[in-house]
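Reading through the structure tokens given below for one structure.
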Amino acid sequence: MDGSDFFILDQILKRRVSGEELSKLLGISRTAVWKRIKKLEDLGYKISHTKKGYLLESRSPYLLPYELNLRTKWIGKNYIFFKSINSTNAYAKGESLPDGTVVYAETQTAGRGRKGRKWISTKGKGLYFSIVLNKSIPPSDLLIYSLVFPLAVKEVLQDKTGLPVKIKWPNDLYINNKKISGFLIETEIEGNSTTKLIAGIGINLNQTEKDFGNLKDIASSVKRELGKEVNRKEIFSQILYEIEKKLDNFDRKKVLEEVDKSLLWKGKKVLLIDEKIEGILIGINELGGIKILTDNKIKNYYSGDLTLRRVE
């Protein structure tokens, strides 16, 4: 969308405006006006057409920049919207984008989770976006930085819904033992520091049981757990605000403490699948890894997938 599109929306918001009047106001042909109206309709705006002109009947349900009430200072100031894309992370990796850029898509055809797993992006029902950080991050802080994103999303969802959101290390969110959000953190490294971090975030908000198919027993959405739909635009804007606040006031100790409090399966017997390590999940360590009591010793781990080890 450009300035002319915004101008047309403002004009037809409260009154019906003829194509001739819009043509004169914009200094373009009536055909060009019609093309812009069609473009707006393609972006989800419902516009009434009569002989007297155009009137906006309802706003777009999509998370367009014109539809968001962002309170951030730098995150999302460069905002790139797609109705559909293969992957927001893939786009962010392939482009030279300024710090704080947000790449958002209403659906992804090749959304990815950790280790190449597919992320199902139901159109118009979830939040699928990537945030670009162009900053130097020392290796000792990298894992803690990656925890900022699930922590911020967890706090917003819990505050808006009252649901018990838990963080499954290293970067998933669960409600009632079902996954509702995943995070894919990708980095570019020069020397001993990260110079670019891309945080890909997928959140299931308004999906129904049918949307999950054969995954309905292990994956869920806020709507399924809450019993009603939530406002995607409001939640998205608040998430960007909370992420920015945590990054601007980065406090590694506080991040670790808050993640530890919300840790899924803490105190329970777990299996670290890749390393085939079984033990009791003790908590988060000072570098953002996990502590597991195994073989009568507390050991630290910094990668891998956790699962709950059921006692026979």
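Would the stretch 196-216 turn up any residue that is part of a helix (DSSP H, G or I), β-branched (Val, Ile, Thr), under 26 Å from Ile131 (Cβ atoms) and touching a helix residue (DSSP H, G or I) at 6+ places or on another chain (Cβ under 7 Å)?
Scanning the stretch 196-216 turns up no residue that is part of a helix (DSSP H, G or I), β-branched (Val, Ile, Thr), under 26 Å from Ile131 (Cβ atoms) and touching a helix residue (DSSP H, G or I) at 6+ places or on another chain (Cβ under 7 Å).
Identify all residues within the stretch 189-205 that are without any contact (Cβ under 8 Å) to a residue 12 or more places away in the chain and closer than 15 Å to Ser146 by Cβ; write none if there are none.
Ile189, the sole residue that qualifies.
Only one residue in Ser262, Ser237 is of a type in the set (S, T, N, Q) and more than 24 Å from Lys77 (Cα to Cα). Which one?
Selected residue: Ser262, the only one of Ser262, Ser237 that is of a type in the set (S, T, N, Q) and more than 24 Å from Lys77 (Cα to Cα).
Show me the helices (runs of 4 or more DSSP H) entirely contained within the stretch 13-113 in which 1 or more residues are of a type in the set (Val, Ile, Thr) and surrounded by 13 or more Cβ atoms within 10 Å (Cβ to Cβ).
Answer list for the stretch 13-113: 30-42, 88-94.
In the stretch 53-67, is there at least one residue being free of Cβ contacts under 8 Å to residues at least 12 places away in the same chain, more than 30 Å from Asn214 (Cα to Cα) and of a type in the set (D, E, K, R)?
Yes, the stretch 53-67 contains a residue that is free of Cβ contacts under 8 Å to residues at least 12 places away in the same chain, more than 30 Å from Asn214 (Cα to Cα) and of a type in the set (D, E, K, R).
Quick check, is Gly283 surrounded by fewer than 19 Cβ atoms within 10 Å (Cβ to Cβ), of a type in the set (Gly, Ala, Ser), on the phi > 0 side of the Ramachandran plot and assigned by TED's automatic domain parsing to the domain that holds Glu155?
no
Can you tell me which residue among Ile175, Ile201 is within 16 Å of Ser121 (Cβ to Cβ), β-branched (Val, Ile, Thr), surrounded by 18 or more Cβ atoms within 10 Å (Cβ to Cβ) and under 18 Å from the mean Cα position of the chain (by Cα)?
Ile201
Go through (1) exposed (fewer than 13 other Cβ atoms within 10 Å of the Cβ); (2) in contact with a Gly (Cβ under 8 Å, 6 or more places away or on another chain) one by one and return the number of the condition Lys254 breaks.
Single failed check for Lys254: (2).
Answer yes or no as to whether Lys297 is assigned by TED's automatic domain parsing to the domain that holds Val165 and basic (Lys, Arg).
Taking the combined requirement at face value, the residue does not satisfy it.
I want to confirm something. Restricting to the stretch 71-95 and keeping residues that are in contact with a strand residue (DSSP E or B) (Cβ under 9 Å, 6 or more places away or on another chain) and basic (Lys, Arg), which single residue is nearest to Ser60 (Cα to Cα)?
Among those residues, the one meeting the criterion is Lys83.
The values are calculated or read from the model by the stated rules, or taken from the named source; none is laboratory data. The structure displayed is predicted, hence computed values, not measured ones. Cβ sites come from the backbone with ideal geometry, for glycine too, and all protein chains shown count toward neighbours.
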